[in-house]
Each structure stands twice: as C-alpha cells, then as structure tokens.
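Scroll down for the structure; my scribbles are underneath it.
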Amino acid sequence: MSTPYQLAFTLHGHAADVRNLCAPSPEIPLLLSASRDGSAIVWGPSSKSKEWDVKLRVEGPEKRFVSCVGMTRWNGQAYLLLGSQSGILSSYILPSPDTAPPSNDAPLEEPQHTLVEHRQNLCCLDTSKAGLIATGSWDKSVIVWKDFKKALTIQSHDQAIWAVKFVGEDRLLTASADKKIILHSLDIASGRSTHLQTYTGHGEPVRGLSLKPDGTGFWSCANDGNINIYSFDQPSPKKTLSGHTSFVYSISAFPDGSGAISSGEDGTLRVWSETELLQTIPHTSNSLWSSAIVFSGLSSPYIASSSSDSTIRLFTKEERLMASAEERAEWDKEVSGRQLDKSQVGDVKQSDLPGIEALGREGKKDGQVIMIKNNGVVEAYQWSQPTSTWQQIGQVVDAIGQGRKQLYEGQEYDYVFDVDVSEGMPPLKLPYNVAENPWIAAQRFLNKHELPATYCEQVVEFIQKNTAGVTLGQGGGGGNEYVDPFTGGSRYTGATSSNAGPSYGGGDPFTGSGAYSSSPAPPPQPQRSNGILPVKSYLSFKQMNINAAKAKIAQLNDEIRSSNPDLAITDNEEKTLNEIYALLSSPAVSLPSPETRDSKERYDPEVFLGLLSKWPEDKRFPLIDLSRCLAALSPHFGKIPSAPKALIQACGLDAPWSPGKSRDTNTLLSLRGLANFFVTANGRQTISQPDTVESILSVLRGVEWSNWGTRKVSVATIALNYSILAVNNTFPSQLAEKLLDLIIHALNNEKEDLETIYRASVALGNLLVSPLSGSLKVGEISNGKSIITRLASEKGEKRLKDLAKEIEGLGV
C-alpha cells in the first residue's frame, strides 16, 4: 500500500457509544450511524467545508439504545431503518444527500413504520436491492420483511444472531454466537427458507459479515480475533488473517475487491488485503464497534470507525481530504497518551523490558506491538509498515478496563464471573451488567442452576465485592417484585423501599391456553426486611406480553370489522396503538422516569381511550390491559383526568354488579390499572383528586365482597396505595373515614386469602401512623385493631402476627 490512511475529520453528534455504521451505497456520499443514546443520524457532505454535517437525526420509538441502522427503498421512497435493543424495527423517510442540515429546534421526524416482532435486542439488519429487509436478534431468530410486513422467519441458530447479509434476492447469510455461519435460500412467496450450507472455522461468536464484490464468497470476523475469507462452495475458510488482539466486531470489504477493513475491542481499525495486514490505525478508546467504507467522490474512499467514546472518525489516503497537519499531530498525541490494560498487551514484567533503544530496530509486520521501559513508565509502540516507523499507542496500566464487554451465551455483559459452588465441580458462570439490580442477577443465577434460594445473599455479596468501585444499578427488571400468591412465588412483606411490581399470570381468558397472558409472572424475587410501618412502596401490576396482546387485538379487530365495521380500528387509532406497543416493548432503562411531569411521549391517550370506550364489552379486555400497563409506565397517560373513570366504565363498575366472563376479566384488569396509577407522579396527582377518590372508594365499597372473587387482592392493593398517600399527606383529608370504612369492610369479610388480609392490614396501619389519624373515629380504629388481632391469631402467619402486634401498640 503506497499511501497510508490518515485522519480526515471527526463527527460529533451522539452522546453515547456509536454501535453501528452503514454506508448504503458505494456511489453516494452518505453515512448512517446508530447509537446507544437512542438516536440515529444521517451524515453527508457539508456545503461549507470538507467535513460532513447532520442531514437528519431521529430517535427510535423507545428513545434509547439503537443497535443498528440501514436504508431501503419502497414505492420510490428512501427510508432510514433503525433496529433497537427492545427488538423494534422502525423506518423514517430519508432526505437526499444535498439536504440542508436541520435547525436545532426542528421537530424530530416520526417513524413511518414500527414493527414489533423480535423479543430481544434487534442487533443487525441488511437490505437487498429489491427492498427486502433482514433483521437478526438476540432471540435467535432472523426475520425477512417485504413491504414492511413479515415474509418469513428463520430459526436455525442456537444462540444470538450477530450478522445478516443478503446474497442477491434469494439467499441470505446469517452469523451467530453459536460460532456458525449459515447460507439459506429464500422463497418469499411461500414464506419458507432452506438451509444450504454451514460454514465453520471460527472458535468464538461470529460478529460480522461482508460480501466479496466479485460474488464468489465473503469475509467474516469473530470474537476469536480472526478474519476469515470464505468461498460460497466451501464450508471452511480458504484464508484466515490474524492481527487483532481481542474481539473483532466489524468487517467491511472494499467495493473494488482490494481487501477489507475491520475494527474491534483492541481499539484498532485495520486495513487488509486478501493475504496480509496492510495498516493498523490505533484509536483513543478500546471499543471500536463498527466500520464502514464511505464514498468520498474521489478515487479512494473514506474508511470510517465508530467508537465507545461517542465519536465517528473518517480516514483517507487522498491528501486534499486529510485533516490539517496540526489536527493530525493532535490526534497522534491523543493516541500516544492512551492507557492500555494488560488484557490488551499481555502481562508486563518491567525488569525484562528493553529501553528506548528497541525503537531503533525495524518491526516485523504492520501492527506489531512492543513495550519498552522509559523513565519508569511502560510504553506501548506499534509498527507502521507504510511509514516504516514505530508509533506510540499508549501507556500500560495494571487494571483491566471496565468498559470491556464479555460474551456469555451470545449476549454481552460487563462481567462474567466464575463461581465455585462445590469442591471437585467446574465453576459456574455468573453474567452481570452494572446497570442491573444485583439481587435480580443473583436470583436468575440460582434459578438457572437450581441452587437453593438461601444462597441469594451470598451471591449478591460476591457481585458487590467483585465490582468494587462500580455503582450498581437498581433497575433492569425491578428490584423486589411481588409475585401472585395464586401462581406461587414471593409475597408482599411491606419491607421494600422501591416500587414493587406484582404479576398475575394466566392464559387468554376467552380462548384458554397460553396464547395471551395479561401479565406473566416473573421468577420469585428476594426480599429484604427493613421494618413494617409506615409502608411507602406503591404496589403495581406491570408485566405484560406485548406481542401477544398485539396479536389478540388484531384478531379481535378482524372479528369486529366483519360484524360491525364502524367500530373497527381506524388509521389514526392504528398509529396510536403502534406507538403504544413500541413504548411498552421498551427495556426498563428506556422508559420515561415515573417522576417526570412532561415525558414527551408520542401517542395520544385520548385517541386510545376513545377506542377503549367504543369496543364491545366482550372484545375490549386486551385494550384494558394496555391501559393497565400505561397507567404504570406512562406519565403521559397518568395526567389524563378522565383515565380512571374510563377504566371504571370500561368494566361496568359504575353499573349494578352482574357476574359474567367478560365482566369478570375486564374488572380484574381495570382494578389493576387503577392500582397502577400510583406508580407515576402524574398518576398519583390524577387519582388523588377528591372527586376521583370519592368515586373509586364508592364503587369499591358498593360491591358485595363475595362478588370480588380473585379480584379482592386488587381492591386491597388500591386501599394500600391510597394509605401511602395518607402517609405522605397527599390524600384528601375529608375522605379518610371513607378509606377506613373500605379497609375495615375488607378485613371483616375476607376469611381465606392471606395476601388480601395482609395488604388491608398494612393499609390500616399506614392510616394510623399518617397525619390523618387524628380525624378518624376512635371506635372504628378500635374495631380495626381487634379484627387484625383476631385474624393474626387465627391464621398464625408470622408477618401478619408481627404487623398486628405493631398496630396494637400504636397509641391511637
């Protein structure tokens, strides 16, 4: 290679890791980028300088963690495609390359399509010239889309899919964490695929694919650090290239067939011919997530890298496109000051290292790294074959970099620990992400390996000890979630200090089976005792299978359309539902903060509530279930004053009670929805309005207790959540007696269900320690105390006896 690539310019527009780059055409100066900040950007040449600027910026439907990006054409229009961590594929109208940059206050473009099919991270996508789209996911599936509709699904791999690549219009390559690459033939008309060839040769998960321009084969890269070159007709590689010292995340072939570029976890962008490494370009950060070859308008293209430092860098061999000498010198200085850890350069024994004189000897090959001792500091240098010089690439430190990801069963984690559980047995793998609640990770580990739950605290201590200095998250699935006592699992103890998330599982209430579950129960969660009264943790019912709900709504809409077309879902309602599906499919970390007042969510709650009210009673249960989840997760929904009343009307609670399957199901879901309003700040403000409180308490008190059936625990939960408002002095004081009446009514009438009894008892205890206790009638307080004491004696349950003793000792 006569001229080495040098820095051209740097693009700054993202606020977090840039996970994916895509140059959609070798003949159009356009670059697409996707970031963990929840956005995708379209870059193109600037009219003001040789650098590029933003032509379009969009946010994914869930506003965070965009994993991959691409472009397709449909009906003559170009579309930007986004794949997100929550498994959603969305599309946006793509501007032309000569479009002027948008103004800073320009509104973000709305998605044209929002496709919810994958169950986990949609981490890769590709498009064919005729407009087919292929997407791969951590859920081990590949979906091929035509006209933005699912055409077929491929499930041939045992672990996460990391790369997909069309070979013409009728074949598709897929690469996976199971170390295999598979070539499939596609029959779009019949919705079927056929396995044609399996390619082996990588010893670790395969991360990237790129076709050779001559159509004879392809390049691949993997976590084993190798680059493989394959011929389509041979299952093993015809050439393996080595040079990277860690995971290789990305491979991109030059359109002229001269070779390829790659990037990886060793912090380098490398240029290859089909036989050797030509150039190594070190960067200032470890993780180079993606690379791309970008049309420059001249004979030589740009090569681009994207990094964990939120930056995109373009390099060129064309002298007139290079950055100024000062900018390149500053870049070299930044690279030489980089800190390298032992995992990148190997163990360091300073006494054996040569001095600076070692730099006088010529290197053996491009990318060769040596370490020298210079004034007590260990420095790393890399040989540059094009310039025949040693270039400093950093200083070596002892610590392992915390930003380095590890793979376990095809998925990325911040840590994968080895845990010894028994002498003579191999250690078990414990994967963990720092944003995750350690108690959740510990419980998952114990469940997977069928270990006693009594080990949970020890596992948590192990995680905390081995992540010393790192702030551990409290999210990622909810820290101390209540599990339905009817389906098994942990019970509410009133001791947790964070919002709990109860879950009641069950099949489709109309068709039976497991086709649709309004809220599948999660595994039991660990409990930690921090006392009893006052309890300040609002209880909720959050879990839901969004894909199943979506399918059920579509099925019921087809039935309605055939019998009463005027009630079928309109285009505007369909758009609103798709936006709701996208929101509720988001990972926990991507959801709006429950305390925010203005969450800038895109759907229209009024349109949704209108649909809920117009659908027939026997068809509306999945819509009520969406309302239940929106009440817990959407601050936008929580601030709608009419929403609680809409739920009451949706299940007919404002009319005399008449049992029936539809009403029973609708009532259960509506009550859970009312309980969920307490999760968000907007919801608490809405549901604590005096007229709303009076309406809800009157409705609940007006139903004969025996008619509640399995719904009685939801009634007790609403009472408990209202009692927390009383503790916080945000409950209407004039209605305290009415709340006390409902609580005593529940305690007086419930004979069997311990969970209902306990929640009602906590609600009474909260009222007695709240600022409203002085306004309560002494006789009613005494009556409530005696009921709880009797129930605790009859049931003999320790948590209830402890609570009864505490309530009995209250001086009110």
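The values are calculated or read from the model by the stated rules, or taken from the named source; none is laboratory data. Quantities reported herein were computed from a predicted structural model and do not represent experimental measurements. Backbone-built Cβ (ideal geometry, glycine too); neighbour counts: all protein chains shown. Side chains are part of the model used for accessible areas, which takes the heavy atoms of the whole protein and leaves out ligands, DNA and RNA. Shrake-Rupley method; radii C 1.70, N 1.55, O 1.52, S 1.80 Å.
Assorted remarks:
- Over segment 691-811, accessible surface divided per residue gives 38 Å², non-protein components excluded, 1.4 Å probe.
- Orientation-averaged projected area, Cα convex hull of segment 208-284 (nm²): 4.6 nm²
- Principal axis dimensions, segment 356-396 - Cα atoms, whole angstrom, descending: 30, 17, 13
- Per residue accessible area of segment 356-396, 1.4 Å probe, in Å²: 53 Å²
- Ordered from longest to shortest, the equivalent ellipsoid semi-axes for segment 717-766 are 20, 11, 6 Å, each the square root of 5 times a Cα gyration tensor eigenvalue.
- Cα gyration tensor category, rounded, prolate or oblate, for segment 665-717 with a/c compared to 1.5: oblate
- Rounded to the nearest 20, the size of the Cβ-charge dipole of segment 564-697 about its Cα centre is 300 debye, with Lys and Arg at +1 and Asp and Glu at -1.
- Aspartates and glutamates whose Cα lies under 20 Å from that of K785, excluding same-chain neighbours fewer than 8 positions away: E737, D741, E750, E752, D753, E755, E794, E797, D802, E806, E808
- Only protein atoms count toward the accessible area here, which uses a 1.4 Å probe; on segment 356-396, the carbon and sulfur part of that area reaches 45 percent.
- Segment 108-218, accessible surface, carbon-and-sulfur percent (1.4 angstrom probe): 42 percent
- Global geometry of segment 116-166, whether rounded, prolate or oblate, following the gyration tensor of its Cα atoms and the 1.5 cut on a/c: prolate
- Square roots of five times the Cα gyration tensor eigenvalues for segment 691-811, Å: 20, 18, 11
- Nearby lysines by direct alpha-carbon distance to K48 (threshold 24 angstrom, same-chain neighbours under 8 apart not counted): K317
- Number of Lys pairs (Cα under 15 Å; 8 or more positions apart or on different chains) in segment 537-688: 6
- Carbon/sulfur fraction of accessible area - segment 729-780, other protein chains in place, 1.4 Å, %: 50 percent
- Entries of K165/K239; K180/K238; K448/K712 with Cα pairs more than 22 Å apart: K448/K712
- Three-way shape call for segment 537-688 based on the alpha-carbon gyration tensor, with the a/c threshold at 1.5: oblate
- Look at where the Cα atoms of segment 629-700 and of segment 744-812 average out, and the two centres are 25 Å apart.
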